[in-house]
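Presented below is the structure to which this report refers.
The values are calculated or read from the model by the stated rules, or taken from the named source; none is laboratory data. Everything numeric in this text was worked out from a predicted model, so none of it was measured. When we count neighbours, we look across all protein chains shown, and the Cβ atoms used for this are built from the backbone with ideal geometry, even at glycine. Remember, those area values only see protein heavy atoms, side chains included, never the ligands or the DNA or RNA. Shrake-Rupley method; radii C 1.70, N 1.55, O 1.52, S 1.80 Å.
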Amino acid sequence: MGSYVQGILYMLYWHASSVLQKLQEKWRGNNTSPAAAAAMYSSVVGGIILDPAMMALPIDDHMVHRGHGVFDTAMLLDGCLYELDPHLDRFLRSAARARIASPFPRDTLRRILIQTTAASGCRRGSIRYWLSAGPGDFLLSPRGCPSPAFYAVVIPAEYEQCREGVRAVTATKPPLFATTKNVNYLPNALSIMDAEDRGAFAAVWVDDRGFVAEGPMVNVAFVTPDRELVLPEFDRILSGCTARRLLALAPKLVEDGRLTAVTPRNITADQAKRSLEMAFVGSGLPVLPIVEWDDKPIGGGKVGELMLALSDLLWEDMKSGPDRIAVPYN
Ligand SMILES: Cc1ncc(COP(=O)(O)O)c(C=O)c1O
């Protein structure tokens, strides 16, 4: 008992250098983790951090103890950031809805994201970034948080185009800030855990009107029996950058007669289950065919050629399309 109490007291009075040493030991022990961030920007520190042990948020940050923050992501493929601007626009829309002011103008945020990516040396993965009400007095109101904070991390990942199909299950979607990409993803995390428990990749959320909404970190797309590509409207779900890009690119398949139309419109779960093909759509996939939904096959239980063709269009766009920013690595 004596040594236990002594141990706690010892820990309480650790100096900064010993804390840093402990954190560095922890990270060295974790160095097999493929998801260890390669670089972090923190406006609290005022610069880029390359030591994973120092990639930390202040515990008094309103995003940490009250979930008052928004985030977004951009994919990094072959040294280029894909569709950074649409993601950044959505990020600032989310921040405005969450009443978080940015500490920097948009141009500066953009520059920081590109420079942090360059500093990471990472060529494939993603950059994820947050705006938070910032550090303060631990109270519910952010009035005691004088300066909003901006954080970003570069996360290396060896992702590839998806060519295999996955299973999906239905879940009802809690109507929680669906259109704002805020950090309260507890329902989303619980939903994906439930889907995984049920042997599926993710759930398809169905709203209170019976319409298909989205997945917990993806949009969904359907090819109807008359070969119309349908994506649920974005008014009650997250306006997915990948889904929007898909809507822009898919008319190519209408031109060559493979699809009859491309339509953003709501579709009931019953209608959707009669689709020829179905897929999750989102950054990093970009199209993941669904071959089974609630234990029933979609399109005969096989990956369909139209979703693969749409996947090719998006993958090609990520590799050589117009909305890519070449990262200026040293
Ligand atoms: C709830 C939700 N829907 C859809 C998406 C897909 O959006 P995007 O294509 O911009 O990645 C995401 C992405 O994280 C999400 O969290």
Given (1) open to solvent by 10 Å² or more (accessible area, probe 1.4 Å); (2) within 13 Å of the ligand (Cβ to nearest atom), where does Leu246 come up short, assuming only one miss? (1)
Within the stretch 286-301, which residues are part of a loop (DSSP other than H, G, I, E, B), away from the ligand (no atom under 16 Å from the Cβ) and open to solvent by less than 30 Å² (accessible area, probe 1.4 Å)? Ile298
Note on Asn330: of the conditions (1) part of a loop (DSSP other than H, G, I, E, B); (2) assigned by TED's automatic domain parsing to the domain that holds Trp205; (3) exposed (fewer than 15 other Cβ atoms within 10 Å of the Cβ), unmet is (2)
Considering only the stretch 250-263, I want to know if a residue exists there that is crowded, with 17+ Cβ neighbours inside 10 Å, within 16 Å of the ligand (Cβ to nearest atom) and among the aliphatic types (A, V, I, L, M). yes
Of the residues in the stretch 221-243 that are among the aliphatic types (A, V, I, L, M) and within 14 Å of the ligand (Cβ to nearest atom), the one that is surrounded by the fewest Cβ atoms within 10 Å (Cβ to Cβ) is Leu238
Note on the stretch 264-285: residues open to solvent by 40 Å² or more (accessible area, probe 1.4 Å) and not in a strand (DSSP E or B) are Arg265, Asp270, Gln271, Lys273, Arg274, Leu276, Ser283
Scan the stretch 122-152 residue by residue and report those that are open to solvent by 20 Å² or more (accessible area, probe 1.4 Å), part of a strand (DSSP E or B) and touching a helix residue (DSSP H, G or I) at 6+ places or on another chain (Cβ under 9 Å). Trp130, Pro135
If a residue has to be modelled with pLDDT of 95 or more, more than 15 Å from Arg124 (Cβ to Cβ) and outside any strand (DSSP E or B) to count, how many in the stretch 65-86 make the cut? 4
Yes or no: Ser283 touching a residue at least 60 places away in the same chain (Cβ under 8 Å), closer than 18 Å to Arg163 by Cβ and within 15 Å of the ligand (Cβ to nearest atom)? yes
